[in-house]
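A.B. asks: Attaching a single structure in C-alpha cells format; questions to follow.
The values are calculated or read from the model by the stated rules, or taken from the named source; none is laboratory data. Given the structure is predicted, the values throughout are model-derived calculations rather than measurements. Cβ placement follows ideal geometry from the backbone for every residue including glycine, while neighbour counts extend to all protein chains displayed. Please note that ligands, DNA and RNA were not included when accessible areas were found on the heavy atoms of the full protein model with its side chains. Shrake-Rupley method; radii C 1.70, N 1.55, O 1.52, S 1.80 Å.
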Amino acid sequence: MVKRAALKPLAVILAAVMALSLAACGNSGKSDTAATEKNNGAAVQGSSSDKKITITFQNIYPDPTTPSHKTLNELVKQYEADHPNIHIELDTLNTDQQKVKLKTQAASKEVPDITIVNPAAQMKPFVDAKLFAPLNDMLDQNGLKDTYQSGLLDYYSFDGNVYALPDGNNIEVVYYNKELFEQAGIANTPTTYEDFLNTVKTLKAKGITPLAIGEKDSWTGSFLFMNILLRTNEGPGFLQDVMDGKKTFEDPAFIEAVDSFQELVQAGAFPDGATSIDANAGGNIFKSGKAAMWVIGSWETGAIDASSVAGKVGAFQFPTVNGKGDPDEFMLAPGSAFAISANSEHLQETKDFLNYFALNFPKKQFEFKNAVGLGQKVDGDLKAAGYSDLAIEVAELFNNVKGGDLAFDNTMNPATAQVHLSSIQNLFVQKVDSAQVAKEHQAAFEANKE
C-alpha cells in the first residue's frame, strides 16, 4: 500500500528548507580518476561490453530556454561522451502529452526505459501492473539515496520498494510582474480573496491579462482551485476526509471553493481561450510579460529568471478566502519523478545511467540557478552564487510552511481525478451550479472507490 503523501507533508517540505545547506557537491563534468567517476555516478556497474545500446528517456522538459531542459541535455551529452557504446534517445513532451502517451504505452506494456510519473495515487496503477522496476539497489550505489530530502522518497514507495526518483519538492505560489502591477496602480499584493478579485478586475480594466494559465493541460486549473479549497476547508486534509468517509464533496467547504473559483473566471482573470492553451504556452504568457500573475509551483523560479521578465517578478502566498485559511499552508508538490521500465531490455545499463543522472542533477540545477524547489540536497549559498532576489524570496517562503495538501490527482484514484479535472476545466467555458459540480465529484468518487 502506498504511503499517503498527506501523512507527513510538513516534515518533507521543511526538509527542502534545509536542502541548500547540506551535502557536498563536486564537479559534474567528466572525471579524471576512477574514484571521482564513481562519486559522480559514472561508474558502470554491469555493462562492460562494447555493444551499442540505446536507452529511451521520456521526459517533460520541452522548453529549450529553461534550466531543466539545459540540465537534461548537458548530462545526457556528458554521459554519452563517457560511454561511447550508449546512446540516450530523448522523447521530449509537455506534461499532459507525456501522461497520455505513457497510458497508451502502459496498456501495451511498452513503457520506455525511463519515463516520468507523478507520486502517490498517480503511480499506483503502474506499480500494481508491475510496469516499473524497483530502484532500491540503484539507490544504494554511490550514496544516491542519501542525496534526497528526508521522507521524500516515501511518496514514490510501495511495499518497501522505491519505484521513482523525484526531480523536485515544491510549493505553489503566486508570481507577479511588478511593472504590470505598477502600471495598473496596484501598490500592494493581495492578502484576501476579495483583494485578489479586485486586483484581477483592476488589471483587466487596464487591458492587462490578470492571470496566465494553460488549461488545455487540465492540471493547471485544478492546482489553482485546490488552493481555494485549502482555504475554504480552513486547512489541509479535505480529500483525505472524503476518502475516510468523514466528509463528502457536497460539504459546504467544497461548494464554497467552486463558487469562489467561478468568481475568478467570471471576473475575466484568464486569457481568452484558456482551454486551448497548453501549460507551456500558458507559462510563456507570463514569462513574456503579457500577464500580471501566474499561480504555479516554485519549480518555475529558475525558468522565470531565465526569461524576459527576469528581475521584474516577485512572489506571494495565496490569500485567505472569505476570512478562512492560513497563508502559510501551501499546495505541496513533490515532483514528477523518473521511473524505469521493469521490461527494459537494458535494465542494468538504464539503472547505471539514471544513477549518474540523479547524482549530477542537483549540481547542474544549482549551476543553472535552478536549485530552489529541488528534492535533493544541494551545497551552496544562493546569494553568494548569484541567485536572483526572486529565488531568495521564494526560498524564504519555504521557511514559513506549516503544511498543506497535495494535488487532487496525486491524492484520489485516477478515475475520480479525471472527472475532477474535466469538471474544473469546464468551469472555464461555462458557469455551472456549484451544487451540481459537487454532486458530479461525489458520484465519481462513489463509483470508483477502491
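A.B. asks: Let me confirm something: among Phe286, Phe249, Phe254, which residue is in a helix (DSSP H, G or I) and under 18 Å from Gln442 (Cα atoms)?
C.D. replies: Numbers: Phe286 fails: under 18 Å from Gln442 (Cα atoms); Phe249 fails: in a helix (DSSP H, G or I).
Exactly one residue qualifies, and that residue is Phe254.
A.B. asks: If Pro252 satisfies every condition in (1) surrounded by fewer than 24 Cβ atoms within 10 Å (Cβ to Cβ); (2) within 25 Å of Ala438 (Cα to Cα); (3) in contact (Cβ under 8 Å) with a residue 60 or more places away in the chain; (4) not basic (Lys, Arg) but one, which is the exception?
C.D. replies: Against the list (1) surrounded by fewer than 24 Cβ atoms within 10 Å (Cβ to Cβ); (2) within 25 Å of Ala438 (Cα to Cα); (3) in contact (Cβ under 8 Å) with a residue 60 or more places away in the chain; (4) not basic (Lys, Arg), Pro252 comes up short only on (3).
A.B. asks: Test Glu89 against the stated conditions and say whether it is free of Cβ contacts under 8 Å to residues at least 60 places away in the same chain, within 25 Å of Ala303 (Cα to Cα) and open to solvent by 60 Å² or more (accessible area, probe 1.4 Å). Please lay out each step first, then the result.
C.D. replies: On the way: free of Cβ contacts under 8 Å to residues at least 60 places away in the same chain: yes; within 25 Å of Ala303 (Cα to Cα): yes; open to solvent by 60 Å² or more (accessible area, probe 1.4 Å): yes.
Judged against the criteria, Glu89 is a match.
A.B. asks: Right, Ala269: closer than 18 Å to Lys201 by Cα and either surrounded by 17 or more Cβ atoms within 10 Å (Cβ to Cβ) or at pLDDT 95 or above (or both) or not? Give the derivation first.
C.D. replies: Details: closer than 18 Å to Lys201 by Cα: yes; either surrounded by 17 or more Cβ atoms within 10 Å (Cβ to Cβ) or at pLDDT 95 or above (or both): yes.
Spelling it out, Ala269 is indeed closer than 18 Å to Lys201 by Cα and either surrounded by 17 or more Cβ atoms within 10 Å (Cβ to Cβ) or at pLDDT 95 or above (or both).
A.B. asks: Return the residues of region 299-318 that are farther than 12 Å from Val394 by Cα, over 18 Å from the mean Cα position of the chain (by Cα) and touching a residue at least 60 places away in the same chain (Cβ under 8 Å); say none if nothing qualifies.
C.D. replies: Scanning region 299-318 gives Ala306, Ser307, Val309, Ala310, Gly311, Lys312.
A.B. asks: Which residue out of Ala24, Ala6 is assigned to a helix (DSSP H, G or I) and at pLDDT below 55?
C.D. replies: Numbers: Ala24 fails: assigned to a helix (DSSP H, G or I).
Unique residue meeting the criteria: Ala6.
A.B. asks: Follow-up question, since we're still on this one. Identify, please: which residue in region 272-282 is in a helix (DSSP H, G or I) and open to solvent by 30 Å² or more (accessible area, probe 1.4 Å) and is, among those, nearest to Ser222 (Cα to Cα)? Spell out the reasoning first.
C.D. replies: Residues of region 272-282 that are in a helix (DSSP H, G or I), as a first pass: 274-276, 279-282.
With the extra rule that they be open to solvent by 30 Å² or more (accessible area, probe 1.4 Å), the set shrinks to 275-276, 280-281.
Values: Thr275: 12, Ser276: 16, Asn280: 16, Ala281: 17 Å.
Per the criteria, the residue is Thr275.
A.B. asks: With respect to the numbered conditions (1) open to solvent by less than 20 Å² (accessible area, probe 1.4 Å); (2) among the polar types (S, T, N, Q); (3) closer than 15 Å to Leu390 by Cβ, which one is the sole condition not fulfilled by Ser308?
C.D. replies: With (1) open to solvent by less than 20 Å² (accessible area, probe 1.4 Å); (2) among the polar types (S, T, N, Q); (3) closer than 15 Å to Leu390 by Cβ applied to Ser308, the lone miss is (1).
A.B. asks: I would also like to ask the following. Please tell me if Tyr148 is touching a residue at least 40 places away in the same chain (Cβ under 8 Å), of a type in the set (Phe, Trp, Tyr) and under 24 Å from Val372 (Cβ atoms). Write out each step before concluding.
C.D. replies: On the way: touching a residue at least 40 places away in the same chain (Cβ under 8 Å): yes; of a type in the set (Phe, Trp, Tyr): yes; under 24 Å from Val372 (Cβ atoms): yes.
Taking the combined requirement at face value, the residue satisfies it.
A.B. asks: Take Gly335 and decide whether it is surrounded by 22 or more Cβ atoms within 10 Å (Cβ to Cβ) and either touching a His at 6+ places or on another chain (Cβ under 7 Å) or at pLDDT below 95 (or both).
C.D. replies: yes
A.B. asks: All but one of (1) more than 19 Å from Gln365 (Cβ to Cβ); (2) surrounded by fewer than 15 Cβ atoms within 10 Å (Cβ to Cβ); (3) at pLDDT below 55; (4) under 30 Å from the mean Cα position of the chain (by Cα) hold for Ala34; state the number of the condition that does not hold.
C.D. replies: All conditions pass for Ala34, except number (4).
Residue-by-condition table, conditions (1) touching a residue at least 60 places away in the same chain (Cβ under 8 Å); (2) touching a helix residue (DSSP H, G or I) at 6+ places or on another chain (Cβ under 9 Å); (3) open to solvent by 20 Å² or more (accessible area, probe 1.4 Å):
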position: Glu396; (1), (2), (3): no, no, yes
position: Ala407; (1), (2), (3): yes, yes, no
position: Pro414; (1), (2), (3): yes, yes, yes
position: Val419; (1), (2), (3): no, yes, yes
position: Val432; (1), (2), (3): yes, yes, yes
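A.B. asks: Could you please let me know if Ile285 is open to solvent by less than 10 Å² (accessible area, probe 1.4 Å), among the hydrophobic types (A, V, I, L, M, F, W, C), under 17 Å from Val174 (Cβ atoms) and touching a residue at least 24 places away in the same chain (Cβ under 8 Å)?
C.D. replies: Numbers: open to solvent by less than 10 Å² (accessible area, probe 1.4 Å): no; among the hydrophobic types (A, V, I, L, M, F, W, C): yes; under 17 Å from Val174 (Cβ atoms): yes; touching a residue at least 24 places away in the same chain (Cβ under 8 Å): yes.
The answer is no for Ile285.
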